Amino acid sequence: MKLNKSVAAAFALLALGIPALAHHSFSAEYDAKKPVTLKGVITKVDWANPHVYFYMDVEDEHGKVVNWGLEMGPPQGLQRAGWTRNTMHIGDEVVVEGSLAKDGSNQANARSVTMASTGKKLGGASSEGQIP
């Protein structure tokens with residue numbers, strides 16, 4: 001019995017030291033009233049829970065290349081919508097429709113992604129009920 005309490009206490013202390021993954025609602029970080037369309041080249045794809053993120057270089061109105069972070073839904077929801085972890089690759093050109101971050105950063109929630117090479121358009125957002 002004493003050993004069980006010690007093991008339980010050790011696990012509890014270990015759990016306190018592990019940072020929790022923050023999960024947020026769409027409206028906490030993004031503004032649906034601020035739509036954005038971005039065209040650029042994929043630089044990184046993070047296919048992981050709780051949300052898939054990808055990054056792309058976009059040329060701004062002054063010709064400067066700016067890296068944007070785009071959030072999509074969870075991997076399982078995206079797979080049900082036709083995505084796989086190999087749908088996007090570094091170097092692919094895409095057009096993204098989404099909603100800007102409330103904090104004004106170069107981040108958005110990707111509502112849809114169109115692959116420039118094929119014209120294939122896939123839903124991507126966890127917002128507005130598109131991806132469960």
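The values are calculated or read from the model by the stated rules, or taken from the named source; none is laboratory data. Being a predicted model, the structure only gives us computed values, none of them experimental. Quick reminder, even Gly has a Cβ in these numbers, built from the backbone with ideal geometry, and neighbours come from all protein chains shown.
So which residues in segment 86-111 are part of a loop (DSSP other than H, G, I, E, B) and farther than 18 Å from residue 46 by Cα, if there are any at all?
Result: 102, 103, 104, 105.
Of these, 3, 21, which one is under 20 Å from the mean Cα position of the chain (by Cα), at pLDDT below 95 and exposed (fewer than 10 other Cβ atoms within 10 Å of the Cβ)? Give the derivation first.
Numbers: 3 fails: under 20 Å from the mean Cα position of the chain (by Cα).
Exactly one of 3, 21 is under 20 Å from the mean Cα position of the chain (by Cα), at pLDDT below 95 and exposed (fewer than 10 other Cβ atoms within 10 Å of the Cβ), namely 21.
Consider residue 114 carefully, then state whether it is outside any strand (DSSP E or B) and either β-branched (Val, Ile, Thr) or surrounded by fewer than 19 Cβ atoms within 10 Å (Cβ to Cβ) (or both).
For residue 114, the condition - outside any strand (DSSP E or B) and either β-branched (Val, Ile, Thr) or surrounded by fewer than 19 Cβ atoms within 10 Å (Cβ to Cβ) (or both) - is not met.
Within the set of pairs 6 or more residues apart or between chains, which connect a residue that is over 15 Å from residue 113 (Cβ atoms) inside segment 43-69 to a residue that is part of a loop (DSSP other than H, G, I, E, B) and of a type in the set (D, E, K, R) with Cβ atoms less than 6 Å apart?
Listed by first residue and then by second, the contacts come to 66/60.
Search segment 69-108 for residues being β-branched (Val, Ile, Thr) and under 15 Å from residue 48 (Cα atoms), and hand back the single one that is surrounded by the fewest Cβ atoms within 10 Å (Cβ to Cβ).
Among those that are β-branched (Val, Ile, Thr) and under 15 Å from residue 48 (Cα atoms), it is 84.
What about residue 28, is it under 22 Å from residue 94 (Cα atoms) and modelled with pLDDT under 95?
no
Conditions: (1) of a type in the set (Phe, Trp, Tyr); (2) modelled with pLDDT of 95 or more; (3) not in a strand (DSSP E or B). Residue 83 meets all but one. Number of the miss?
Of the numbered conditions (1) of a type in the set (Phe, Trp, Tyr); (2) modelled with pLDDT of 95 or more; (3) not in a strand (DSSP E or B), the odd one out for residue 83 is (2).
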